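Values quoted throughout were computed directly from the atomic coordinates according to the rules given, and no laboratory measurement underlies them. Quick caveat, the model's predicted, so the values are computed rather than measured. We place every Cβ from the backbone using ideal geometry, glycine too, and count neighbours over all the protein chains shown.
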């Protein structure tokens, strides 16, 4: 896999040429900025920029004014190769708060080690209805310690409006949900995005996360996708590297709260 070529393809298809992420969202381009604007349950933020030292500050001010006018917070998703090189410092100076940095990892599915199997006693359930989505959201809340109401509403809306663009799965130990994850299938691109993989603390270290990555990757391959991509935490990066995914750059969410 040519890392520079795949990163350029990622920027072209998933950032600069992004499709709306979920029902009720739209993607707009204004100047050197591509942004998503969503309803109350969706993600608002900056997807891609073409800025330099001469126009970055003005673009930041413009986006703050725009999203503040909508009445909510928003995220500027900064990639390690974005310009200008001090864009993160400029965002911080403008009032954004950086969240933990992650690593953009991509793997060519045909070259990945997808023979990972679930531990004994664990079975998978496809989340295709409200009951399944509730399980995904409940695991997410327990695994990450965050509110999952936005995830729940967004996943239900996407399954209702365009079910072929998302795959959600729950790992069960008996009837107890212990891990969950989803996959976004980006129509018209070679990329499937792996998101939200989380395991409740008492079940970590048993290979469930790895098996869920392999399971979703096999589904992506069956549907004709060439690559899977992940925004990986420091905890998941070593697992993904052992599966064959490669780090391409970093990504840091900068959050602005009015």
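What is the angle, in °, between the Cα long axis of helix 149-161 and the longest principal axis of the Cα atoms in the chain? Nearest 10 is fine, range 0 to 90. Between the helix axis and the principal axis of the chain, the angle is about 80 degrees.
The helix-only estimate of mean residue ellipticity at 222 nm for the chain, built from DSSP H runs of length n ≥ 4 each weighted as -39500 (n - 2.57), is -9500 deg cm²/dmol after division by the residue total.
Measuring nothing but how far apart in sequence close Cα pairs (under 8 Å, 6+ apart) lie, relative to its length, segment 108-248 scores a relative contact order of 29 percent.
In units of the rule-of-thumb radius 2.2 N^0.38 Å, segment 3-103 shows an alpha carbon radius of gyration of 1.05.
Each Cα pair under 8 Å and six or more residues apart adds its sequence gap; the mean of these over the residue count of segment 3-103 is a relative contact order of 19 percent.
So, R0 is 51 Å and r is the distance between the beta-carbons of residue 61 and residue 242; what FRET efficiency does that work out to, to 0.05? It comes out at approximately 0.70. Here the extension length gained between residue 129 and residue 144 equals 3.2 nm, from 0.36 nm per residue of separation less the Cα-Cα distance. From the alpha carbon centroid of segment 214-246 to that of segment 76-132 is 10 Å. Each principal axis of the Cα atoms in the chain has its own extent, and those three values, largest first, are 58, 39, 32 angstrom.
Between residue 120 and residue 235, the FRET efficiency from the beta-carbon distance, with R0 = 30 Å, is close to 0.80. Label-to-label distance for residue 195 and residue 110 is 2.8 nm, based on points extended 7 Å past Cα in the beta-carbon direction.
Shown is the FRET efficiency for residue 94 and residue 52, computed with R0 = 22 Å from the Cβ-Cβ distance and rounded to the nearest 0.05: 0.85. Note on residue 83 and residue 249: the extension gain reaches 58.4 nm, defined as 0.36 nm multiplied by sequence separation minus the Cα-Cα distance. Per-residue packing, averaged as other Cβ atoms within 10 Å, sorts the ranges 99-109, 4-14 into the order 99-109, 4-14, beginning with the highest. To the nearest ten degrees, helix 130-144 and the longest principal axis of the Cα atoms of the chain are 70 degrees apart.
With both residues required to sit in the chain, DSSP beta bridges show an antiparallel share near 90%. How would segment 127-190 be classified by its alpha-carbon gyration tensor: rounded, prolate or oblate, with rounded meaning a/c under 1.5 and the a/b versus b/c comparison settling the rest? Prolate, because a/c is 1.5 or more and a/b exceeds b/c. What angle, in degrees between 0 and 90 and rounded to the nearest 10, separates the Cα long axis of helix 208-222 from the longest principal axis of the Cα atoms of the chain? Between the helix axis and the principal axis of the chain, the angle is about 80 degrees.
Sort segment 108-248 into rounded, prolate or oblate with this rule: let a ≥ b ≥ c be the square roots of the eigenvalues of the Cα gyration tensor; rounded if a/c is under 1.5, and if a/c is not under 1.5, prolate when a/b is larger than b/c, oblate otherwise. Since a/c reaches 1.5 but b/c is at least a/b, the shape of segment 108-248 is classed as oblate.
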